[in-house]
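A.B. asks: Take this structure first; my questions come after.
The values are calculated or read from the model by the stated rules, or taken from the named source; none is laboratory data. Model, not experiment: these values are computed from the prediction. In this analysis, Cβ positions are derived from the backbone assuming ideal geometry, glycine residues included, and neighbour counts consider all displayed protein chains. Accessible surface is based on the protein model in full, side chains and every heavy atom, while ligands, DNA and RNA are left aside. Shrake-Rupley method; radii C 1.70, N 1.55, O 1.52, S 1.80 Å.
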Amino acid sequence: MNRYMKMKLLSVTICFLTVVTGCSSSESEVASTSTSDNTSDSSNQSVTIMIGHQSPTAQTWGALIMKDQQFYEKHLKDVEPDVDFKIEWFDSPAGPPLNNSMVGGDMRLAFMGDMPILSNGIVGVTNPNYNSVFLAFDGKGEFGKNQSIIVPNEGVNSINDLEGLSVSTPFGSSAHRMLLAALEQNGLSGKVEVVDHSVSVGLQSIEEKKIDGHATWEPWPSFMEYRGQGAILFDGELTKIDYLDGVVANKDWVEENPSYAIAFLKALIESHQFILANPQEAAEIFAKESEFPLEVTEIMVETIHFDSGIYAHDIETLNGSLQFLSDQGMLEGELDLTQFIDDKYLKQAAEEMELTYLREQEMNGGKWIDWMSR
């Protein structure tokens, strides 16, 4: 494993606590890198917008295209040509540090997985000093694709072989939900010891054969196979539970700066269009920005469905994740997704790009469609 990946795994070890509780030790580090939005009446007005993303989570890699191609800067300039916009990108090992920074007022927008998104929404209704809104999705894994149970080389050959053994996963994560669903579907509930391990500890334990399995998300399973350090035993797609990542924002900031939010969503749509139209170049950008091998990022282009659209069955999936967190005793409040999710900014962005957003029948259908190309 190269030095960068060891550092990434070490960062995850330090920062990756449970999705719901977050990582307080990272808050001051994030805050120290941020600057506030500056306002001025002069033609030399300068505005800094901080955005969080996660290079160790492949389904948030729409951010990497947006960053590399500077799509957000382009659309912001269309809104206010005389303003000097600076986009600060904060690369986090996981979602909880991003949530801490958003609650602290440093970060305006953040790409993160489904469970940290829900945690952000709950904080938005329980913390009087923070309001949250969900704006759009980024990467999606149909039926649970892009999550896996990985095992040591020369380990077990079937999920049924895990009976009586130990499998780790970050508790409260989408991979945790996938793992428990996989065990239940195969009659293994209560027959496998499920251990709370961060991604870094789990992967190291797989490599050193100190645990029988670890459930996690891409690009780690493909990276472990590429490095010859583990093998994929079970594909999360078999659970039939979609795996979702998206974008949350500081609601007060969005309401004060709707044109900035719409410009961001235009940049997100354009990033997804870029991936669809230029898969090889997108894989190369993924590799450059994330420092994962090109052979791995090429797989991600093929397996991740990049689509900002908010479908009815996506909301059902998020409601299922809320129920999962409640069942695990990890829910510290109640979240009404109809109040948390607001697609009016996404619809406006699509309209201004002369795109036809999801029609009612499409939105309520059971399949994602390629609406960005019509």
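A.B. asks: Arrange the residues Y345, Y226 by how much accessible surface each exposes, largest first, with a 1.4 angstrom probe.
C.D. replies: Most to least solvent-accessible, the answer reads Y226, Y345.
A.B. asks: Once you place label points 7 Å from the Cα toward the Cβ at E334 and E281, how far apart are they in nm?
C.D. replies: 5.0
A.B. asks: May I ask you to give the solvent-accessible area per residue for the chain, in square angstrom, as obtained with a 1.4 angstrom probe?
C.D. replies: Result: 40 Å² of accessible area for each residue.
A.B. asks: How do the peptides 331-340, 212-221, 274-283 rank, highest first, by the average count of neighbouring beta carbon atoms within 10 Å per residue? Intermediate values should be presented prior to the final figure.
C.D. replies: Details: 331-340: 14.1, 212-221: 27.9, 274-283: 17.0.
Taking the mean over residues of other Cβ atoms within 10 Å, the ranking is 212-221, 274-283, 331-340.
A.B. asks: Pairs of Cα atoms under 8 Å, at least six residues apart: use those to get the relative contact order of the chain, whole percent.
C.D. replies: Relative contact order of the chain: 23 percent.
A.B. asks: Okay, next question. Once the piece of chain linking T126 and D252 is laid out straight, how much longer is it, given 0.36 nm per residue of separation minus the C-alpha distance between them?
C.D. replies: On the way: separation 126, 0.36 × 126 = 45.36 nm, distance 1.52 nm.
Answer, rounded to one decimal: 43.8 nm.
A.B. asks: Answer rounded, prolate or oblate for the range 281-374, using the Cα gyration tensor with square roots of eigenvalues a ≥ b ≥ c: rounded when a/c is under 1.5, else prolate when a/b is larger than b/c, else oblate. Don't jump to the answer; show the numbers that get you there.
C.D. replies: On the way: a/c = 2.19, a/b = 1.19, b/c = 1.84.
It is oblate, given that a/c is not under 1.5 and a/b is not larger than b/c.
A.B. asks: Determine how many Å³ per residue the convex hull of the Cα atoms of the range 198-262 encloses.
C.D. replies: Hull volume normalised by residue count: 140 Å³.
A.B. asks: While we're here: What order, most packed first, do the peptides 311-322, 177-188, 237-248 have when packing is the mean number of other Cβ atoms within 10 Å of each residue?
C.D. replies: 237-248, 177-188, 311-322
A.B. asks: Just the accessible area for E193, please: 1.4 Å probe, Å², rounded to the nearest 10?
C.D. replies: 110
A.B. asks: Whenever you get a sec, line up K251, K288 from highest to lowest accessible area (probe 1.4 Å, protein heavy atoms).
C.D. replies: Largest accessible area first, the residues go K288, K251.
A.B. asks: Sorted by average packing, counted as other Cβ atoms within 10 angstrom per residue and highest first, what order do 44-51, 362-369 take?
C.D. replies: Numbers: 44-51: 17.1, 362-369: 13.5.
Ranking the peptides 44-51, 362-369 by packing returns 44-51, 362-369.
A.B. asks: Once you treat every alpha carbon in the range 198-307 as an equal point and sum by Debye, what is log10 I(q)/I(0) at q = 0.18 Å⁻¹?
C.D. replies: -1.02
A.B. asks: If you split all Cα-Cα distances of the range 134-192 into 10 Å bins from zero, what percentages do you get per bin, shortest first?
C.D. replies: 19, 49, 23, 8, 1
A.B. asks: I would also like to ask the following. Where does the range 66-174 land on the Kirkwood hydrodynamic radius, alpha-carbon pairs, in angstrom?
C.D. replies: Working: mean 1/r = 0.0570 Å⁻¹.
Result for the range 66-174, one decimal place: 17.6 Å.
A.B. asks: Any idea how far the Cα center of the range 299-374 sits from the one of the range 169-236, in Å?
C.D. replies: If we compute the Cα centre of each part, the gap is 26 Å.
A.B. asks: Okay, next question. From the phi angles alone, apply the Karplus equation (6.51, -1.76, 1.60; θ = phi - 60°) to the range 138-147 and give each ³J(HN,Hα) in whole Hz, x where the residue is Gly or Pro.
C.D. replies: For the range 138-147, the Karplus curve yields 10, x, 9, x, 4, 6, x, 4, 6, 10 Hz.
A.B. asks: Sum up the charges of everything whose Cβ sits under 14 Å from the Cβ of L335, counting Lys and Arg as +1 and Asp and Glu as -1, but leave L335 out. Intermediate results must be reported in sequence, preceding the final value.
C.D. replies: Values: positive: K251; negative: D114, E332, E334, D336, D342.
That works out to -4.
A.B. asks: Label points 7 Å out from Cα along the Cβ direction at E352 and E73: separation in nm?
C.D. replies: 1.9
A.B. asks: Report, please, the projected area of the range 258-330 averaged over directions, based on the convex hull of its C-alpha atoms, in nm².
C.D. replies: Average of the hull's projected areas for the range 258-330 equals 7.3 nm².
A.B. asks: Which net charge results for the neighbourhood of K240, defined as the other residues with beta-carbon distances under 13 angstrom from its beta-carbon, given Lys and Arg at +1 and Asp and Glu at -1?
C.D. replies: It works out to a net charge of -4.
A.B. asks: Still on this structure, please answer the following. Once you order the gyration tensor axes a ≥ b ≥ c over the Cα atoms, which shape class does the range 103-261 get: rounded for a/c under 1.5, otherwise prolate or oblate by comparing a/b with b/c?
C.D. replies: prolate
A.B. asks: Could you give the spread of the C-alpha atoms of the chain along their three principal axes, from largest to smallest, in whole angstroms?
C.D. replies: Largest to smallest, the principal-axis extents are 67, 46, 44 Å.
A.B. asks: For W368, what is the net charge nearby, where nearby means another residue's Cβ is under 14 Å from its Cβ and Lys, Arg count +1, Asp, Glu -1?
C.D. replies: -4
A.B. asks: Using R₀ = 45 Å, calculate the FRET efficiency as 1/(1 + (r/R₀)^6) where r is the Cβ-Cβ separation of I232 and E88; round to 0.05.
C.D. replies: 0.80
A.B. asks: So how strong a dipole does the chain carry about its Cα centre when Lys and Arg Cβ are +1 and Asp and Glu Cβ are -1, to the nearest 20 debye?
C.D. replies: 540
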